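Undergrad: Below: one structure in structure tokens.
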Amino acid sequence: MKLANSFFIRSDVTRIARQLLGKVLVTRIDGQLAHGIIVETEAYSYKEKGSHAFKGMTKRNEVMLEGRMYTFAMVFMKCSTWSLIKKGKPMLF
């Protein structure tokens, strides 16, 4: 079942993050269907040092201010972050 936009447009990002656990993320890459189960989530306010928005907008994180998903690399994995824009400030999960 596809989640409605209203699922994401809520102010409690911690609750959204919890409710995303176990959901299946589906996309197409080069015409091939790809999917995976969400097994870990985190939630941050733009005020927290763990947030990629903590230091303000940069070229790397500007997509977060558009309420989109962006992907970044960590040591052994790639991670994706969705952002919810609330009063012009990104709230991340």
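The values are calculated or read from the model by the stated rules, or taken from the named source; none is laboratory data. Keep in mind that what you see is a predicted model, and the values were worked out from it rather than measured. Glycine gets a Cβ as well: all are built from the backbone with ideal geometry, and neighbour counts include every protein chain shown.
Undergrad: Residues being in contact (Cβ under 8 Å) with a residue 12 or more places away in the chain, over 12 Å from the mean Cα position of the chain (by Cα) and assigned to a strand (DSSP E or B): count how many of those fall in region 26-44.
TA: Matching residues across region 26-44 total 2.
Undergrad: Another question, if that's okay. Could you check, for region 62-69, whether at least one of its residues is modelled with pLDDT of 70 or more and out of contact with any strand residue (DSSP E or B) (no Cβ under 6 Å at 6 or more places or on another chain)?
TA: The answer is yes, given that some residue of region 62-69 is modelled with pLDDT of 70 or more and out of contact with any strand residue (DSSP E or B) (no Cβ under 6 Å at 6 or more places or on another chain).
Undergrad: If you check every pair at least six apart or on different chains, which have Cβ atoms under 7 Å apart with a residue in region 1-17 that is loosely packed, with under 10 Cβ neighbours inside 10 Å first and a residue that is assigned to a loop (DSSP other than H, G, I, E, B) second?
TA: From residues that are loosely packed, with under 10 Cβ neighbours inside 10 Å, there are no pairs.
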